[in-house]
Amino acid sequence: MPATLKESSVTIRVEESLRDEFNDAAARIGRPAAQVLRELMGDFILLINATHPPVASAAARQRREAAAFALGNSELEGYKTSATQRALFEQYASGQITIEQLGEAVDRLATEFRATV
């Protein structure tokens, strides 16, 4: 991997013994501790991106904000949202269903609820 100019730094507080053990471990493999930390940071980013994909677009952010607003507004009006409703809004927010599919599902839930009252 070619060397690149590092333009920023990170300061962290750790126990002295942890720092010393880390520096010793890095030295045993002949690598600077800073290089090992950069590699660990890169590996962590890959892991998190694979298991928790980032919200990639403004549209996705808007869906999340709209879903949060709708649920919050319902609760402010005194309605209790069910786990099923929250799951539907999460599916919409994550792009798994469209706004039309969300509306249809919410309408079905409302119809089912009215039938029980």
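Just so you know, all these numbers are worked out from the coordinates, no wet-lab data involved. The structure displayed is predicted, hence computed values, not measured ones.
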Problem set entry | Gyration tensor verdict on the stretch 16-70 (Cα atoms; rounded if a/c is under 1.5, prolate if a/b is larger than b/c, oblate otherwise) | prolate
Seminar exercise, completed: Asserting the computed 222 nm helical MRE of the chain (DSSP H runs at least 4 long, -39500 (n - 2.57) per run, divided by residue count, to nearest 500) equals -22500 deg cm²/dmol
Problem set entry | Reported label for calculated volume of the Cα convex hull per residue in Å³ given (1) 174; (2) 119; (3) 207 | (3)
